[in-house]
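Inspection log for the structure reproduced underneath, given as structure tokens.
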Protein chains: 2
Amino acid sequence: MTASQSVSQGTTPGQTGKLGKPRLAFRPLPVPQVDVRGFWGDRVDAVATRTADILYERCVEARMLEQIDPDRPSPGVVIPFHSPSPDEAATAGNEFTGSTVTTQMFWDSDWGKTIETAAYSLYRRRNDALEKKIDAVIDMYGKLQQPDGYLSSWYQRIQPGLRWTNLRDCHELYCAGHLIEGAVAYYQATGKRKLLDIMCRYVDHIAETFGPEPGKKKGYCGHEEVELALVKLARVTGQQKYMDLARYFIDQRGQQPHYFDEEARARGADPRAYHFKTYEYSQSHKPVRDQDKVVGHAVRAMYLYSGMADIATEYGDDTLRVALDRLWDDLTTKNLYVTGGIGPSSHNEGFTADYDLPNDTAYAETCASVGLVFWASRMLGMGPNARYADMMERALYNGSISGLSLDGSLFFYENPLESRGEHNRWKWHRCPCCPPNIARMVASIGSYFYSLSDDALAVHLYGNSTARFDIAGTQIELTQASNYPWDGAVSITIEPEAPTEFTLHLRLPAWCRKAALKVNGEAVDLGSVTNDGYAAIRREWRKGDQVELDLEMAVDRFYANPEVRQDIGRVALARGPLIYCVEETDNAGQLHRIALPRTAQIEACEEPNLLGGVVTLSAVARKEVFEGWDDGLYRPEPPAVEEAKITAVPYFAWDNRDPGEMLVWLRDS
Amino acid sequence: MTASQSVSQGTTPGQTGKLGKPRLAFRPLPVPQVDVRGFWGDRVDAVATRTADILYERCVEARMLEQIDPDRPSPGVVIPFHSPSPDEAATAGNEFTGSTVTTQMFWDSDWGKTIETAAYSLYRRRNDALEKKIDAVIDMYGKLQQPDGYLSSWYQRIQPGLRWTNLRDCHELYCAGHLIEGAVAYYQATGKRKLLDIMCRYVDHIAETFGPEPGKKKGYCGHEEVELALVKLARVTGQQKYMDLARYFIDQRGQQPHYFDEEARARGADPRAYHFKTYEYSQSHKPVRDQDKVVGHAVRAMYLYSGMADIATEYGDDTLRVALDRLWDDLTTKNLYVTGGIGPSSHNEGFTADYDLPNDTAYAETCASVGLVFWASRMLGMGPNARYADMMERALYNGSISGLSLDGSLFFYENPLESRGEHNRWKWHRCPCCPPNIARMVASIGSYFYSLSDDALAVHLYGNSTARFDIAGTQIELTQASNYPWDGAVSITIEPEAPTEFTLHLRLPAWCRKAALKVNGEAVDLGSVTNDGYAAIRREWRKGDQVELDLEMAVDRFYANPEVRQDIGRVALARGPLIYCVEETDNAGQLHRIALPRTAQIEACEEPNLLGGVVTLSAVARKEVFEGWDDGLYRPEPPAVEEAKITAVPYFAWDNRDPGEMLVWLRDS
């Protein structure tokens, strides 16, 4: 069977294939089936009009094309990096400047994510020039692919002859995973199947190499990713064997004898000579069903749990679900920033000790919050549950999109919750994983809004948008009108081709203390229809049916568990899904002097001309004054205090104006 | 002239030589002239009975003898370190364990400080075995010394032929300085002049090598130390040329063309290829009289300012004094921990930005606080002034002696003001500068108690002690009886051989809000006799004259300047000269939960059996409770609060019991 035959010929771009039906499975709507406007529309447009092109250009500048193009000489291991242009040099914190770059073993993954971003962007907005460039990249991969299907620019161009010898460290299957995701997205967005065929051919080779059968390798990747990618590939091609391969990688992880030990010995290396010291780093310290703590590299963890959730959904595997719920509890009750950021430490790019959540040194990688969105959205595959959707929303609106500037041109790798002014957005990074990751997430946001089962649609996110889907063969269009996240009023219009019975699940966010629901003007008693944080309305829907959901959006103060030493005596402000911060540009410097009285009134104010249009929060706070401190550092009398108005802006929008201090957790007084 | 001739034959150990008389100069009493008892007596005994031997043994274990002994093979650049003994391996944070050690270019300095500590200890308590070992070390240096007087184990044994080629980085004169200090102390304590003669011979060579005259090098050391050592050598030998050489090094520092630039070029090196990037690191960025910010490596800075203060005193040089006062202001109003710790950053082992005083990551090297004691005590050379003595006392009782365990066997390199329990005392360090530095300071504490001019004695520190000195040819004995620092009552008895007129200066500490003074039972109006924080009593003193000073010792709360973001909303406790901290062992864990109400009564309680006998402080504080936080990290309701008794102990005594958390700055509520 050739690769092109392996794609179900009956599927069309944007539709799922012919897999066996899992029970209760909700699958996200493919990106092309949802048009977003409003808040997310602006974000998607920024990616489609700027970021997508920037990603490609930066990859070229970083000489990534040289690694994948078999018509050029191999770049070798270290290549000099381009000289910075003056405006790059002027960008504070720009790590692009004056450095050299090492050819990276994971550059196929950056191409994969760049292709994926371009795909979603092309769907949003034609860009023939970009499409041509991506086609050329795909052509290079086509030429690069070996006759047996193998495809890795690193192992073919930089370390030939060493394929499949170091899964622990070398990102080989991880790269395959991202190219698969890029292939699926490009196929869905453009209908072009060349990369999809290439990747099916490669996956066929992988499936011949790895698996439970005698003679096959019993390995899996040190950096998870291929698992969730194989699920996507299985869904778009209808090929069960791709799904089974994903399950194999999940099931095999952490089994004894440990594959990474055996693989190291086969290389003639000491398995203990492992840079990261512990297999917790790659969540391979024990079989996945035995895991109960989120450990190690945060992005890897999120990608693993995402794959586990997909497999739990597709196979109805409750043993995985039980493990996932334990891990979810561990993450969300002990190891999560209020922004949805995760992984406090730069040392392992991941988790440390429970309740260790430093604010100024928070790593909280953009990719990790993006990964949390992936995981949470996949937990919704097992049915609507606000436990997961609330967290997805928190990570989406805060710790992930903080990683992308409002205009789509600059990035954060780390997302601290406190800065003295030295943390600023950069143009690129020597490990450029975050820019294409946040870009592909934003550009595919529509697929996180909704998920669909055989007879139900779940609405997880609110905001101006239109979704098109099909239930029992009937085409349905659902349109939301809402100024969310600035306002909690949501008006939904449902337009089925013909009257159709299905359940509409509407999320009632945890942040909302008072919600009201009407269907065609008639109030619905939420108490009687709500389960797992979703109101479920089952009826025969007819053209023009109207659902009105009114979510009261008040200002919230958040206090942290007293175990979190870094937040004790502090308070964070939120409104709806948004966490707020104070920035130096709105508040005279030295944000540490701000103390917010518990009695302070907090005013929400629409600012249409600020930061692309936001709601700010303001209050009268107290600040210690400097007067009387000229002659010393310490004295027996406490400092005098004055009143000072403070203004907070949404956290995701910080560092889009003058660089300066930023603070999420204000002193509580 | 030979070296032995260069020592004034008329001087006896413990007396100063025949230098020209500077105006107003107060010089510290030599160590053998002061016996301390009580608080400092216990500390000195710990050094004399344990630390002095430990220093020697650790130097031997680190194979430092091999570097200085010309009868053994040179150790080469890297030598394997000894295997740790089981109890060493068991010591948490012990950096001695399982490592290799690099032969260090500054090991002569560690020998110098070890000899100096041994000297003071031998004066305190005979120890024939140790004296014999030190004599053998001195013999090795005698054999090592080259015919022209040059003496450096590094350059003679490890890098022969390269002497005086890299003053910037290689500690060559710094090592000479510490050997000089060791020689002076050993001579004063034992009367043995061999090392003194060796060092005079070496200094004669240095004086022939460096100086303003044509053909001499215009250099100075990248690590200051030799300057203050030369002042000591001049004082003990009466040789003005040693004083002049010290002044030359001070005056020459930071002049243009920059010596370190020229020296680098002479080595064929690029002066810009300087690891530490800026000459601020070694305070050689500009001439010393133009300096107005404390910058760079904190120990180097303190040693430079100490030397500058000595030269200002000896030459009556007000241009230096003006610079020193600017630097003093900068240090004490912007860059000082409340413990007297200085230098917050491990990166440069020194200063960062004004008001940047992180508590948990404070470097606050023991050596730096010791250096602050050195500097402050030398500022007193220009006359009694509590501005300096208060700071000397603060650093002595807190940030310096915190570096030595109560029993004299374990050490701190860093002295943070907050610990989560992972910061523990160690047996040794690969850069073992702090153990002998704190040991020599403690063992010579008597010389910080008093300073003497032609017709005055200043009492800077209080505590059980007896001093013997000579004013206008009359021997005088002064005895303090006091339970200081636990109690502020000080009784002083003066026993001159014959009635003698002189001024007795008594420090009135800044922490004391109410003091009373009586001379022979008659009250003295302090307002009329106090200047610069010292009460001055001039009279003809007769045998048995009694001075009673009563310093009210209350509990103080300290608040930090609001510029210090790390301390805002926090309070530190003090009593008399002592800063307090809370430790986990006295207070259930999670010290971050403690908030001390402003209204809380704080009780002082004598605890004779705790930590060698201390006064503790206790109060009823408030703590956030965990109840109700099982299901999440963040919630809109603030945590409930309960009352909890807290107990604080003196900061210097922390980590002498069970390892655990520690905190100086408590939340203020």
(message) On a 1.4 Å probe surface of the protein chains, which of A:SER369, B:SER377 comes out largest in accessible area, and what is the full order?
(response) B:SER377, A:SER369
(request) Could you tell me which residue in chain A puts its beta carbon nearest the axis mapping A onto B, with the distance rounded to whole Å? (result) A:GLY569, 3
(request) Pick out, from B:GLY408, A:LEU372, A:ALA176, the residue whose Cα sits farthest towards the positive end of the charge dipole of the protein assembly as shown, with +1 on the Cβ of Lys and Arg and -1 on the Cβ of Asp and Glu. (result) A:ALA176
(message) Taking B:THR599 in one copy and the same position in all the others, each labelled 7 Å out along Cα→Cβ, what are the pairwise distances from the first, in nm, shortest first?
(response) 1.5
(message) If you average the C-alpha positions of the range A:291-316 and of the range B:439-474 separately, how far apart do those two centres end up, in angstrom?
(response) 70
(message) I'd like the accessible area for A:VAL322, computed on protein heavy atoms only with a 1.4 Å probe and all protein chains in place. Round to 10 Å², please.
(response) 80
(request) Let me know the mean shielding of B:356-363 by other chains, meaning the per-residue number of their Cβ atoms within 10 Å of its Cβ. (result) 1
(message) Given Cβ point charges of +1 (Lys, Arg) and -1 (Asp, Glu) and nothing else, what value in debye, to the nearest 20, does the dipole of the range A:389-498 about its Cα centre take?
(response) 700
(message) Which one, A:TYR202, A:ALA644, A:ALA301, is farthest towards the positive end of the dipole of chain A when Lys and Arg carry +1 and Asp and Glu -1 on their Cβ?
(response) A:TYR202
(message) Rounded to the nearest 10 Å², what accessible area does B:LEU65 have for a 1.4 Å probe in the complete protein model?
(response) 20
(message) Between B:ALA489 and B:ASN609, what's the calculated FRET efficiency when r is the beta-carbon distance and R0 is 25 Å? Round to 0.05.
(response) 0.65
(message) Apply the Karplus curve 6.51 cos²θ - 1.76 cosθ + 1.60, θ = phi - 60°, to the phi angles in the range A:333-343 and return the couplings in whole Hz, x for Gly and Pro.
(response) 9, 9, 9, 9, 6, 5, 7, x, x, 9, x
(message) When a/c reaches 1.5 or more, the comparison of a/b and b/c decides; with that in mind, is the range B:98-241 rounded, prolate or oblate per its Cα gyration tensor?
(response) oblate
(request) List the relative contact order of chain B as a percent without decimals, with contacts defined as Cα pairs under 8 Å and 6+ residues apart. (result) 14
(request) Nearest 5 is fine: what % of DSSP beta bridges in the range A:453-551 come out antiparallel, could you say? (result) 90
(request) Please name whichever of B:GLN601, B:ALA588, B:PHE558 sits farthest to the positive end of the charge dipole of the range B:555-668, dipole taken about the Cα centre and charges placed at Cβ: Lys and Arg +1, Asp and Glu -1. (result) B:PHE558
(request) Calculate the length of the line joining the C-alpha centroid of the range B:207-274 to that of the range A:355-395, in whole Å. (result) 60
(request) Just tell me the longest site-free run in chain B, where the sites are GluC sites (Glu not before Pro) in a DSSP loop having at most 14 other beta-carbon atoms within 10 Å. (result) B:1-421
(request) Partner chain Cβ atoms within 10 Å, averaged over the residues of B:552-561 - can you pull that number for me? (result) 4
(request) Tabulate in residue order the Karplus-calculated ³J(HN,Hα) for the range A:260-269, using 6.51 cos²θ - 1.76 cosθ + 1.60 with θ = phi - 60°, rounded to whole Hz; enter x for Gly and Pro. (result) 5, 5, 5, 5, 5, 4, 5, 7, x, 10
(request) List the residues whose amide H sits under 5 Å from the amide H of A:ALA489, counting only those 5 or more places along or on another chain, with H placed 1.01 Å from N in the peptide plane. (result) A:ASN483, A:LEU551
(request) State, to one decimal in nm, how far the label point of B:ARG267 lies from the label point of A:ARG598, with both points 7 Å from Cα in the Cβ direction. (result) 6.2
(message) Starting from the 7 Å offset along Cα-to-Cβ, what nm value, one decimal, do you get for the label separation of B:VAL322 and B:CYS431?
(response) 3.5
(request) Compute the label-point distances linking A:LYS277 to its equivalents in the other copies; points lie 7 Å from Cα along Cα→Cβ; give nm, one decimal, shortest first. (result) 2.7
(message) Let me check something: with ligands and nucleic acids excluded, how do A:HIS275, B:HIS505 order by accessible area (1.4 Å probe), largest to smallest?
(response) A:HIS275, B:HIS505
(request) For A:THR361, tell me the accessible area in Å² from a 1.4 Å probe, rounded to the nearest 10. (result) 90
(message) If you average the alpha carbon positions of the range B:494-516 and of the range B:21-75, how far apart do those two centres end up, in angstrom?
(response) 30
(request) Taking the convex hull of the Cα atoms, report for the range A:206-326 its projected area averaged over all directions, in nm². (result) 7.5
(request) Leaving ligands, DNA and RNA out of it, rank A:TRP511, B:TRP111 by accessible area with a 1.4 Å probe, largest first. (result) A:TRP511, B:TRP111
(message) Let me make sure I get this right: for the range A:321-413, a, b and c are the square roots of the gyration tensor eigenvalues over alpha carbons, sorted descending. Under 1.5 in a/c it's rounded, otherwise prolate if a/b > b/c, else oblate. Which is it?
(response) oblate
(request) Please provide three numbers in whole Å: the alpha-carbon extents of the protein assembly as shown along the principal axes, with the largest listed first. (result) 121, 66, 54
(request) Please report, in debye to the nearest 20, how large the charge dipole of the range B:454-551 is about its Cα centre when each Lys and Arg carries +1 at its beta carbon and each Asp and Glu carries -1 there. (result) 300
(request) Mind checking the per residue accessible area of the protein assembly as shown for me, 1.4 Å probe, whole number of Å²? (result) 34
(message) At 222 nm, what value in deg cm²/dmol follows for the protein assembly as shown if DSSP H runs of at least 4 each add -39500 (n - 2.57) and the sum is divided by all its residues, to the nearest 500?
(response) -9500 deg cm²/dmol
(request) Indicate the gyration tensor shape class of chain A (rounded, prolate or oblate), computed on the Cα atoms with a ≥ b ≥ c the square roots of the eigenvalues: a/c under 1.5 is rounded; otherwise a/b larger than b/c is prolate and the rest oblate. (result) oblate
(message) Placing the label point 7 Å from Cα along the Cα-to-Cβ direction, what are the distances from B:ARG513 to the equivalent spots in the other copies, shortest first, in nm to one decimal?
(response) 4.3
(request) Kindly compute the accessible surface that chains A and B hide from a 1.4 Å probe when together, both sides summed, and give it to the nearest 100 Å². (result) 3600
(message) What are the ³J(HN,Hα) couplings of the range A:650-666, residue after residue, when phi is run through the Karplus curve with 6.51, -1.76, 1.60 and θ = phi - 60°? Round to Hz, x for glycine and proline.
(response) x, 4, 4, 9, 6, 6, 9, 10, 4, x, x, 5, 8, 8, 8, 8, 7
(message) If I take every Cα pair under 8 Å that is 6 or more residues apart in the range A:557-668, average their sequence separation and divide by the length, what percent do I get for the relative contact order?
(response) 37
(request) About the Cα centre of the range B:555-668, how large is the charge dipole given +1 on each Lys and Arg Cβ and -1 on each Asp and Glu Cβ? Please answer in debye to the nearest 20. (result) 400
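The values are calculated or read from the model by the stated rules, or taken from the named source; none is laboratory data. As the structure is a prediction and not an experimental result, all values here were calculated from the model. Every residue, glycine as well, gets a Cβ built from its backbone with ideal geometry; the counts of neighbours run over all protein chains shown. Remember, those area values only see protein heavy atoms, side chains included, never the ligands or the DNA or RNA. Shrake-Rupley method; radii C 1.70, N 1.55, O 1.52, S 1.80 Å.
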